[in-house]
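One structure is given below, encoded as structure tokens.
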Amino acid sequence: YHAPPASDTPPTVPTSTTTSTTTVGQGGSVDFPATSVPEQAAALMEGAGYFRSGSDPWETSVVGIPLTLRLAVDDGDAWAAATAPQLQAQLQAAGFVVSLVPEADAPATGAALSSDSAELALLPLTGSPFLSQAVAWYTSLLGAPGVDGSQNWTGYNDATFNQLVTTASQQLNPNTAATDYDTADAKLWTDMVGLPLFVEPSALVWSRTVGGVTATPMSDSLLWYAQDWAIRVPESTNSTTPSLPGQ
């Protein structure tokens, strides 16, 4: 993923990406353009049966009917809500008519995508320092999306990918698992299941009088280690030596 922004200003949506969804190797092992290739995209659209005249929107096989994409957006997430207009503008500049479909939260946004109420979705996914998180994002191994931690809102279910991440997640040696994860990552880019745009920044702030506060990379809950918190009591600065008995 891209590094977290350094400010609280919602980031500009990149027009292209040059990083892999995993960090296996420097930049992953996938060979894809570092910049946009509109001619290739146009050829793919035409090959799929769509038409475009000049700067007009893409049209379906029925002349005069524009291709319209519904973009479900998690309005409950400030970053997703702020990014949506930028993403809409970029897609429309490429000839796609995009209508925004606001949803209350991430599960509702994902459900809109998985139920075919939208063709695209913009929502946050729970991160993890472990590559095995891909099991929740890109497989049906945990069950239906929204249940038991599954966030596979696209409904992606590929037997080869499932086997790769299952085998990798069972390895005790991360170096041994890296090869399988790298192969799985290449397949995700080939299928273009989902595109990571950025990582939302988070902050953990506490008073100097409170100790034991620790951020966890596996949860966005600030109270995760609350049982270890403690009030710091200043050490006494009284260094007066007590009088000896009888003095």
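What to note about this one:
Yes/no matrix, rows are residues, columns are (1) modelled with pLDDT of 70 or more; (2) assigned to a loop (DSSP other than H, G, I, E, B); (3) more than 30 Å from residue 126 (Cα to Cα); (4) open to solvent by less than 90 Å² (accessible area, probe 1.4 Å):
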| position | (1), (2), (3), (4) |
| --- | --- |
| 181 | yes, no, no, yes |
| 186 | yes, no, no, yes |
| 194 | yes, yes, no, yes |
| 197 | yes, yes, no, yes |
| 200 | yes, yes, no, yes |
| 204 | no, yes, no, yes |
| 213 | yes, yes, no, yes |
| 220 | no, yes, no, no |
| 243 | no, yes, yes, no |
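- Some residue of the range 127-134 being surrounded by 14 or more Cβ atoms within 10 Å (Cβ to Cβ) and more than 17 Å from the chain's Cα centre (by Cα): no
- On the stretch given as the range 168-179, residues that are surrounded by fewer than 17 Cβ atoms within 10 Å (Cβ to Cβ) and either in contact (Cβ under 8 Å) with a residue 60 or more places away in the chain or among the β-branched types (Val, Ile, Thr) (or both) total 2.
- Qualifying helices (runs of 4 or more DSSP H) (wholly inside the range 38-125; at least 3 residues being within 24 Å of residue 201 (Cα to Cα)): 78-93, 106-114
- Close Cβ contacts (under 8 Å, 6 or more residues apart or on different chains) running from residues in the range 151-167 that are on the phi > 0 side of the Ramachandran plot to residues that are open to solvent by 40 Å² or more (accessible area, probe 1.4 Å) comprise 155/114; 155/140; 155/145.
- The one condition in (1) within 13 Å of the chain's Cα centre (by Cα); (2) at pLDDT below 90 that residue 147 fails to fulfil: (1)
- Odd one out for residue 129 among (1) outside any loop (DSSP other than H, G, I, E, B); (2) touching a residue at least 40 places away in the same chain (Cβ under 8 Å): (1)
- Residue match in the range 124-134 (condition: out of contact with any Gly (no Cβ under 6 Å at 6 or more places or on another chain), of a type in the set (S, T, N, Q) and over 21 Å from residue 188 (Cα atoms)): no
The values are calculated or read from the model by the stated rules, or taken from the named source; none is laboratory data. In this text, all values refer to a predicted model and were calculated from it rather than measured experimentally. Neighbour counts run over all protein chains shown; Cβ positions are idealised from the backbone, glycine included. Side chains included, ligands, DNA and RNA excluded: accessible areas come from the protein's heavy atoms. Shrake-Rupley method; radii C 1.70, N 1.55, O 1.52, S 1.80 Å.
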